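*Asks:* Provided herewith is a single structure, encoded as structure tokens, for subsequent inquiry.
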Amino acid sequence: MNKLLPHIYEESIFKVDYDYLFKKNIKVVLFDLDNTIIPDNICEINNDIKMLFNNIKNIGLKPIIFSNSPKKRIKKVADILDIDYVYLACKPLTFKFKRLIKKYGLKKSEVAIIGDQLFTDIKGGNKVGIKTILVKPISEYDPFLTRFNRMREKKILSKLDIKESNYEEM
Ligand SMILES: [Mg+2]
């Protein structure tokens, strides 16, 4: 399988079918933070996001923030949402994925990751063997390195012809 190809492609975290993930025996959903939950340069959590995470918990899924950003930024958001977090996750490297799976006593098949970047979130998730869900980035502003990756992403996405909401293939 192409390591850059997500299992599911959605418009945003609000469009993901969390009930379906639960039915498919997913227990933990890892969330990238920057440009997946909130824009890169902002640290505000609005009510829509709070309600979404409450819904996700009520469904029976455990959301965990899994971000390459430093602790301070991650902790602030995780505390507001009252969820666990992993900072400096080093995606697409897999050792922190593996550590988390072991720590929570999970099987790979019980974990999914949602993120906006093919070269970190999706590649890392696929390498470790969990379900991967790509969402569109929230903000147009990206740091330089991300901007470079975006150009490569666009090329790949146009070649892959990714269909949205391909849940049946999970
Ligand atoms: Mg991101």
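*Asks:* Is at least one residue of region 62-82 of a type in the set (Phe, Trp, Tyr) and either within 16 Å of the ligand (Cβ to nearest atom) or free of Cβ contacts under 8 Å to residues at least 12 places away in the same chain (or both)?
*Replies:* There is at least one residue in region 62-82 that is of a type in the set (Phe, Trp, Tyr) and either within 16 Å of the ligand (Cβ to nearest atom) or free of Cβ contacts under 8 Å to residues at least 12 places away in the same chain (or both).
*Asks:* Report, ordered by the first and then the second residue, all pairs with beta carbons closer than 7 Å, sequence separation of six or more or different chains, a first member in region 22-35 that is within 19 Å of Gly129 (Cα to Cα), and a second member that is surrounded by 21 or more Cβ atoms within 10 Å (Cβ to Cβ) and of a type in the set (Phe, Trp, Tyr).
*Replies:* Leu30/Phe66; Phe31/Phe66; Asp32/Phe66
*Asks:* Looking only at residues in region 58-75 that are surrounded by 15 or more Cβ atoms within 10 Å (Cβ to Cβ) and of a type in the set (D, E, K, R), which one is farthest from Ser12 (Cα to Cα)?
*Replies:* The selected residue is Arg73.
*Asks:* Restricted to region 88-119, and to residues that are among the aromatic types (Phe, Trp, Tyr) and in contact with a Leu (Cβ under 9 Å, 6 or more places away or on another chain), which residue is farthest from the ligand (Cβ to nearest atom)?
*Replies:* Looking at the filtered set, the residue picked out is Phe97.
Quick note: the coordinates plus some simple rules give every number you see, no bench work behind them. Keep in mind the model is a prediction, meaning the values are calculated, not measured. A quick note on method: Cβ atoms are made from the backbone with ideal geometry, for glycine too, and the neighbour counts reach across all protein chains shown.
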